[in-house]
Every structure is written in structure tokens, then in C-alpha cells.
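Okay, so here's the structure we're looking at.
What follows draws every value from the coordinates through simple rules; no lab data is involved. Predicted, not measured: the structure shown is a model, and the values here were computed from it. Virtual Cβ from ideal backbone geometry, glycine too; neighbours counted across all protein chains shown.
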Amino acid sequence: MAEAAKMQVSDEVAIQITGMNKWYGQFHVLRDINMTVMRGERIVICGPSGSGKSTLIRCINRLEEHQQGQIIVDGTELTNDLKNIDKVRSEVGMVFQHFNLFPHLTILENLTLAPIWVRKVPKKEAEETAMYFLSKVKIPEQAHKYPGQLSGGQQQRVAIARSLCMKPRIMLFDEPTSALDPEMIKEVLDTMIQLAQEGMTMLCVTHEMGFAQAVANRVIFMDQGQIVEQNAPKEFFSNPQSERTKLFLSQILGH
Amino acid sequence: MDQHFSRSEMLPPLAPPITERGAVKWMRENLFSSPLNAILTLLGLAAIYALVAASLPWWLNSVWNAESLGQCRAIVAETAGEGATGACWAMIRERWHQFLFGFYPPDQWWRPILALGLLFVALAPVLFAGQKRNMAFLLGGIAVYLVVTLTLAETPAAAFALAVALVLGLTALSQVQPGRLLWFTAIYPALCFWLLWGGTVWAPIVAMAGFVLLYLVFRFAAPVIGLTPAAGAGIVAAVLWWLYLQGPVSGLLQGALPFGLRAINSDLFGGFLLAIVIGVTGIAFSLPIGILLALGRQSDMLIVKTLSVGFIEFVRGVPLITLLFTASLLLQYFLPPGTNFDIILRVIILVTFFAAAYLAEVIRGGLAALPRGQYEAADALGLDYWRAQRLIILPQALKVSIPAIVSTFIGLFKDTTLVAFVGLMDPLKGVTQIVRADIDWKGIYWEPYIFVGAIFFIICFGMSRYSMYLEKKLKTDHR
Ligand SMILES: Nc1ncnc2c1ncn2[C@@H]1O[C@H](COP(=O)(O)OP(=O)(O)OP(=O)(O)O)[C@@H](O)[C@H]1O
Ligand SMILES: [Mg+2]
């Protein structure tokens with residue numbers, strides 16, 4: 001917790017969401033979302049299942065479309081303009097619950113594909129970058145294997161490295177550890193903690209409250225498509241304000 | 001009771017008992033595992049015996065040297081006794097060239113022979129991408145095939161030398177820069193067309209220039225007006241080129257630099273030459289069209305989607321024969337008067353569309369089998385639609401569809417025999433009829449079908465084996 005305080009948060013805005021609403025057909029899934037994320041901030045989003053956490057962070061790189069309000073990422077507003085969407089997507093990395101590595105490509109090819117085709121980096125340079133990030137997530141020796149040959153924890157670390165190879169300015173995580181066996185959770189969390197210490201702007205949907213306390217500088221609690229409460233982790237856990245938050249915390253911390 | 005146990009001496013490994021070994025074990029497990037299985041085995045053996053007993057004499061009494069069916073029968077009667085049956089392969093010996101080439105003039109046989117050899121050169125980089133050893137084997141085999149067959153076909157010396165030099169040069173290239181061989185694959189269609197139909201060399205070159213024009217328009221328009229409009233503009237430019245400039249330009253060039261082969265009319269094509277021309281062109285073009293239709297069917301754009309669905313459902317809902325009749329009759333009405341569309345070309349177009357509709361559905365199945373996460377990961381990395389399709393989605397979707405795609409290809413190849421219905425000389429019905437029309441071979445029945453069937457089987461079996469090899473090579477999921 002002491003570490004969290006040490007980490008720098010600048011006064012530059014990374015993500016600005018104002019009055020955002022989203023519907024799936026008739027279902028009002030996100031309701032009047034307002035939030036500002038500063039560069040270097042590490043935000044943990046939690047809340048009960050179906051509360052719209054995934055939908056919210058998927059709106060930030062336009063995997064889902066919002067119908068009302070404004071989302072500005074790194075100064076670029078998300079509209080139907082494909083150019084803007086591509087720009088935002090190349091700035092924002094995303095890590096999924098089920099890794100979503102490309103099974104027909106080797107680990108190295110998984111890592112170099114987007115830099116080569118989107119960033120137009122020369123192949124050799126892309127491979128060097130890929131090896132650098134693979135070493136960083138501590139699996140450089142797996143570079144020439146296929147995703148199917150790796151354990152879940154290793155695959156998720158590859159997925160993180162794959163995002164990092166695009167040199168993103170913001171990273172989104174959607175329950176990165178919830179498909180993993182307990183002994184593998186730690187290796188992935190360690191990678192994420194290291195990333196946080198390097199000052200990456202992170203939005204992380206997770207129920208790993210230990211992680212939230214260690215690195216987050218803000219915890220956002222969502223329920224029924226709304227932001228119900230947000231606070232610094234210390235206060236959030238020790239002194240929750242709303243009844244829903246208290247109930248939720250008692251459920252996930254209670255046992 | 002004393003529960004203590006400790007082994008003082010380790011046991012040596014023994015051979016398994018006789019009933020668990022070799023042939024005995026295999027038979028017990030596979031042929032006689034239960035009373036029912038034993039009965040089925042015996043029945044099966046009896047059926048095989050009956051078949052062999054009935055047909056063996058026919059095979060054994062085969063006659064290879066005779067002038068006519070009557071002579072064949074006389075020889076069989078003489079050697080095997082009155083009433084014996086025997087195959088009359090002498091017919092194949094005399095007429096094999098019609099089964100292979102139809103009425104293609106014998107002094108020009110070297111052209112289809114060379115085209116077939118070069119076909120495999122063109123396929124090499126596609127079939128064995130980057131595998132130098134396999135490519136060397138294939139190209140070496142082709143070189144040997146060409147030297148032998150071109151000599152037998154009495155090829156003109158200049159053409160022979162050029163062909164061998166070309167294949168050797170490409171073999172060398174395949175070992176140095178295998179990727180470059182794709183350039184040969186790209187020009188092969190025009191080269192093949194020119195070899196088979198002959199005429200001025202400028203016609204295919206000018207036609208290829210249409211594609212270059214398409215690419216240039218696309219290349220320079222894309223940054224200005226966007227990918228899709230640029231592709232449209234390129235296609236329009238190319239079509240205009242082919243419609244209005246193709247004839248004059250190639251005429252002009254031919255006038256200035258005359259060079260060409262003897263023109264061969266389509267109605268001389270027949271037998272496996274015809275089947276392979278239609279089959280290979282159909283296969284080569286139906287796959288990309290099928291992919292586009294499958295993607296179109298999944299598109300968010302209503303018009304693209306409706307057109308794709310309409311095309312697929314219409315073409316799949318109509319028998320191929322109907323389409324072939326359309327090819328021979330209706331297209332003539334729809335096209336502007338004066339355009340004389342070659343019948344083989346018309347048939348190829350419709351066979352291609354037919355196969356493309358089936359392939360589109362097969363590929364759609366492959367696309368549907370991909371988890372949504374693959375699309376999302378591609379999107380999240382910033383890949384645009386076409387890159388995501390080409391690099392992530394299609395390689396996986398096509399991989400799972402390989403067996404079904406190859407089935408469709410095999411079906412397409414066998415369906416080429418249906419062109420007999422529009423008066424083309426397919427090997428099965430067309431050529432066989434011509435052979436039987438000869439008074440010498442009137443009444444011959446099994447032999448031509450067995451011969452044609454065997455060649456079809458070899459080609460289709462080859463495709464099937466290749467698809468299995470490919471599946472194994474591409475297997476990376478390690479499940
Ligand atoms: N494509 C969709 N169409 C319709 N409804 C959807 C769709 N995707 C999600 N929903 C609904 O939207 C709501 C929010 O979903 P979301 O996936 O964002 O929840 P979540 O907070 O991430 O839940 P979990 O913790 O289970 O992942 C849920 O009620 C879900 O049923
Ligand atoms: Mg979720």
C-alpha cells in the first residue's frame with residue numbers, strides 16, 4: 001500500500017467519459033457513466049456479475065458501441081469514424097479473461113503480428129521488441145511454441161506481452177485471472193503489479209482485492225450499470241459508504 | 001496375518017502371451033472380437049471371394065493387342081476357350097489419346113502436356129509454401145516428366161529447349177527465393193490459356209495488363225478515396241480495358257511484333273484435357289469467390305449481405321445441369337449481340353459459381369466455429385477488417401474447413417463430366433460415345449468406364465491425400 005502512494009499520477013487526462021449511456025436492445029446496460037482517468041492512474045473496477053463492468057471497459061476501445069454521451073481517449077473522441085477507432089485501438093491494449101491468443105501462430109508471431117501490420121515496424125525490430133517483453137513476463141524460452149502448448153498463466157502473460165508490444169499508453173484488463181488456477185494467478189498478478197509500478201495507466205476489472213489494495217489508487221464499484229461508489233482503496237475497503245458496496249464487500253471478503 | 005512385504009529380487013520383463021501378440025492378437029481384436037463380428041467377418045470374406053471369382057477371369061484374359069472388339073473376343077475364345085470373358089484393353093491402346101486430348105491435333109499435343117507440367121510448377125509454391133525440399137522433389141519430377149513426354153510428343157526443338165530451361169530456372173529459383181515462385185503462379189493462367197488455345201501471344205499479355213491497371217488504379221486511388229471505392233474504381237478501369245482496349249491493343253502489337261501459336265478451337269478440346277481445364281480453373285477461382293461470398297454473407301452492409309445470400313441460395317438451389325444449359329443458351333441472349341463467348345469459358349464460369357456457392361457455406365461453417373474472442377483480440381490490437389480476416393480469421397476458418405473444401409473440389413472435378421450435356425467431349429460420356437460409334441469398338445462397355453474411372457480416382461485420391469497432409473501440417477492446437 002505504501003507503494004501505491006509512491007507511484008506517480010500526472011494531471012494529464014487519459015480517458016474522459018461524460019454522460020455515457022448504452023443499451024442492448026431495450027436493456028439499459030450502462031447508465032449515465034461519468035469518469036475521468038488521469039495518466040498513470042491504476043483503477044480497479046469491481047461489482048456483482050452482470051453489473052456492466054466488461055461492457056464499460058469494452059466501450060473504451062470500441063469493442064462495444066455506446067449510444068449516448070462522450071468517450072474521449074487520449075484526446076480522440078470515439079465516434080463512428082473508423083480512423084479514430086483505429087487510432088484509439090492502437091493506443092489502448094486489452095487483456096481478456098480467456099487470453100484470446102491466436103492459436104495458429106507461434107508465441108513470437110502472436111507478439112509481432114500487430115506491430116508489423118498496424119505499426120509497420122520492420123520484422124526484425126518487432127521480434128526484438130517481442131523478445132524483450134517476453135523476457136519481461138519471464139517466458140522468453142517459449143517464443144517458438146504455440147499457445148496450445150502453454151499453461152493458462154503463461155498464456156495470459158503472453159497476452160499481456162502481446163498488448164505491450166504495441167507500446168500502448170493505456171491497458172485494459174477484463175478479469176485477467178478469473179480463468180486461471182490459483183497457483184497461476186500470482187504469476188499474472190506479479191506481471192500486472194510490475195506494469196503498474198512502471199507507471200502504466202491501467203483499468204482493471206478484477207475481484208482480486210489484494211491486487212486492488214496493493215496497486216490501485218482508485219476502486220470503482222458498479223452495480224446495475226451504474227457507478228455506485230468510488231474511492232481510494234484504503235477508504236473503499238475500510239469505510240464503504242453505500243449499502244450495496246457494504247453488501248458486496250461482505251460477500252466477497254466474508255469468507 | 002503378516003502385512004509385511006518386501007521384494008528381494010526384481011522381475012525381468014517377459015514377452016506378452018501368444019494370444020496378445022502380432023497377427024493373432026490383431027485378428028482376435030479386429031475380426032473375431034465377438035460372435036457377431038466373427039459372422040460379419042466370414043460374410044465379408046465370402047462376398048469378396050464371390051466378387052473376385054466372378055471377375056478374375058475377365059481381368060486375367062485381358063487382351064492388349066487387337067484391332068477391334070471382334071478380334072479381342074476371338075483371341076479370348078481362342079486362348080481361354082469358348083464362352084470365356086476377357087477385357088479388351090486394346091481399345092485403350094488404340095484410343096487413349098482421345099481420352100486424354102479429345103480431338104486436339106496430335107502435332108500440338110506438346111502444348112497441353114507442357115501446360116500440365118507448368119501447372120504443377122505454378123502450384124508448387126502454393127502447395128508447399130517455403131518447403132524447399134518438397135518443392136525440389138516436385139519440380140525435379142516435373143522436369144523428368146516434361147523431358148520424357150515432350151520427347152514422345154515430338155515437340156519442336158525450340159519449344160522443348162525453352163520449356164526445359166524455364167523449368168530448370170524455376171527449380172533453381174525455388175531453392176534460392178521460394179517466395180518469388182509466386183510470380184510465376186500469377187502469370188501462369190495467361191500462359192496456360194495461350195498454350196492451350198494458341199493465337200497471338202499479345203492477347204494474354206494485354207489481358208494481364210488489365211490486372212496491372214486494376215492494381216495501379218487501386219494503389220493510387222486508395223489513399224485518396226478509401227479502400228473499397230478504390231477497389232471498385234480499379235475493377236471498372238480493368239473491365240473497360242478488357243472490353244474496349246483489349247482487342248485493338250493486342251491487334252496493334254501483333255501487327256508490330258507478330259508472334260503466336262496455331263489457334264486451336266474449343267470444339268477440339270476433349271477428354272481429360274477438358275476435364276482438367278474446367279476443374280482446375282473452377283477450383284482456382286471458386287475458392288476466392290467462395291471466401292468473398294462467405295464474408296459477404298456475414299457483412300453488416302445490407303446490400304452486400306442480401307446479394308451474397310441471394311446468390312448462394314439461388315446457385316445452390318438449382319441443379320448444375322440447369323446452369324450448364326444456361327451457359328450454352330441463355331448467356332447468349334443476355335450478353336450484347338456480337339460478343340461470342342467461348343463455350344468452354346461459359347461453362348467454366350458457371351461451374352466456378354456453382355462450386356463457389358457451396359464453398360461459401362462450407363467456409364461460413366468454419367467462420368462460425370471460431371470463438372468471438374479471436375475477432376475481439378484482432379480488433380483490440382487495431383487490425384482493420386481485411387487484415388484481421390486475412391491474418392487471423394481466415395487462416396483458422398479455412399483450416400477447420402479443409403476436409404469440406406477438398407470434398408467440394410473433388411465434387412467439382414467429377415462434375416466436369418456433366419459438360420457432356422451441353423455437347424462438350426468429357427472423358428466419360430463424350431469420348432466413350434465417340435469410341436463406341438466406331439464400328440470396330442461398337443459394344444465395348446466396361447473398359448472405357450474402368451479406364452476413365454481409374455484416372456478420376458487417382459486424381460481425386462491425390463487431392464484427398466494432400467488435404468490430409470495439409471491438415472496434419474497445419475495442426476497447431478495441440479489438443
Ligand atoms: N451482447 C449482449 N447482448 C445483450 N445483453 C448483453 C450483451 N452482453 C452483455 N449483456 C448483458 O449486459 C449486462 C452486463 O454485462 P457485462 O458482461 O458487462 O457484465 P459484467 O459486469 O462484466 O459481469 P461478469 O462479472 O459476469 O463478467 C448483463 O446483464 C448481460 O446479460
Ligand atoms: Mg465481465
**Asked** Considering the Cα trace of the protein assembly as shown, what is its radius of gyration and what is Dmax, both in angstroms?
**Response** 34.3, 111
**Request:** Quick one: P(r) of chain B from all Cα-Cα pairs, 20 Å bins, percents rounded to integers, in order of increasing distance.
**Result:** 17, 46, 27, 8, 2, 0
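Would you kindly state the longest site-free stretch of chain B, with sites defined as chymotrypsin sites (Phe, Trp or Tyr not before Pro) in a DSSP loop (not H, G, I, E, B) surrounded by at most 16 other Cβ atoms within 10 Å? Can you show the working numbers first?
Working: sites that count: B:Phe5, B:Phe32, B:Trp64, B:Phe259, B:Phe341, B:Tyr445.
Free of exposed loop sites, the longest segment is B:65-258.
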**Prompt:** For chain B, what relative contact order do you get, as a whole percent, if you take Cα pairs closer than 8 Å and at least 6 residues apart?
**Reply:** 14 percent
**Prompt:** Based on DSSP H runs of at least 4 residues, each adding -39500 (n - 2.57), what is the mean residue ellipticity at 222 nm of the protein assembly as shown after dividing by all its residues, to the nearest 500 deg cm²/dmol?
**Reply:** -19000 deg cm²/dmol
**Request:** Starting from 0 in steps of 5 Å, tell me what percent of the Cα-Cα pairs of chain A lands in each bin.
**Result:** 1, 6, 13, 17, 19, 17, 13, 8, 4, 1, 0, 0
**Message:** For a quick check: sort A:Thr245, B:Thr416 by the number of other beta carbons within 10 angstrom, fewest at the front.
**Reply:** A:Thr245, B:Thr416
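Using a ≥ b ≥ c from the Cα gyration tensor of the range B:203-252 (square roots of the eigenvalues), is it rounded, prolate or oblate, where a/c under 1.5 gives rounded and otherwise the larger of a/b and b/c decides, a/b for prolate? Write out the running numbers ahead of the final one.
Working: a/c = 3.54, a/b = 2.61, b/c = 1.36.
In terms of gyration-tensor shape, prolate.
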**Fill in**
Residue-ordered couplings for the range A:53-64, obtained by feeding phi - 60° into the Karplus form 6.51 cos²θ - 1.76 cosθ + 1.60 and rounding to whole Hz (Gly and Pro as x), are 5, 4, 4, 4, 6, 6, 5, 5, 10, 6, 5, 10
**Built amide H within the under 5 Å cut-off of A:Glu208, gap 5+** = none
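So, counting K/R as plus one and D/E as minus one, what does the shell of residues with Cβ under 14 Å around B:Leu295 add up to? Working shown, then result.
Numbers: positive: B:Arg297, B:Lys305, B:Arg364, B:Arg387, B:Arg390; negative: B:Asp300, B:Glu361, B:Asp384.
Surrounding charge for B:Leu295 is +2.
Based only on other Cβ atoms within 10 Å, what is the fewest-to-most ordering of B:Val422, B:Val148?
Working: B:Val422 18, B:Val148 11.
With the fewest neighbours first, B:Val422, B:Val148 line up as B:Val148, B:Val422.
Please compute, for peptide A:52-61, the average count of beta-carbon atoms on other protein chains lying within 10 Å of each residue's beta-carbon. Provide the component values of the computation, followed by the final result.
Numbers: counts 0, 0, 0, 0, 0, 0, 3, 0, 0, 5.
The mean count of partner-chain Cβ atoms within 10 Å per residue comes to 1.
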**Item:** Amide H contacts under 5 Å for A:Gly47, placed H, 5+ residues apart
**Value:** A:Met222
**Message:** Tell me the net charge near B:Pro204. Cut-off is 15 Å between Cβ atoms, B:Pro204 excluded, with +1 for each Lys or Arg and -1 for each Asp or Glu.
**Reply:** 0
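For the pairs A:Lys145/B:Lys399; A:Lys53/A:Lys123; A:Lys53/A:Lys124, flag any whose C-alpha to C-alpha distance is greater than 30 Å. Can you show the working numbers first?
On the way: A:Lys145/B:Lys399 19 Å; A:Lys53/A:Lys123 36 Å; A:Lys53/A:Lys124 38 Å.
Cα-Cα > 30 Å for A:Lys53/A:Lys123; A:Lys53/A:Lys124; rest within.
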**Fill in**
A student applying the Cα gyration tensor rule (rounded when a/c is under 1.5; otherwise prolate if a/b is larger than b/c, oblate if not) would label the range B:264-479 oblate
**Item:** Residue-wise HN-Hα coupling along the range B:104-120, computed from phi with Karplus coefficients 6.51, -1.76, 1.60 (Hz; x: Gly, Pro)
**Value:** 4, x, x, 6, 10, 4, 4, 5, x, 4, 5, 4, 5, x, 5, 4, 6
**Request:** Could you check what % of the DSSP bridge pairs in the protein assembly as shown are antiparallel, to the nearest 5?
**Result:** 55 percent
**Asked** Long-range amide H contacts for A:Gly69: which residues qualify at under 5 Å (H placed 1.01 Å from N, peptide plane, sequence gap of 5 or more or a different chain)?
**Response** A:Asn21
**Asked** Listing A:His144, A:His66, A:His28, B:His97 from the residue with the fewest other Cβ atoms within 10 Å to the one with the most, what is the order?
**Response** A:His144, B:His97, A:His28, A:His66
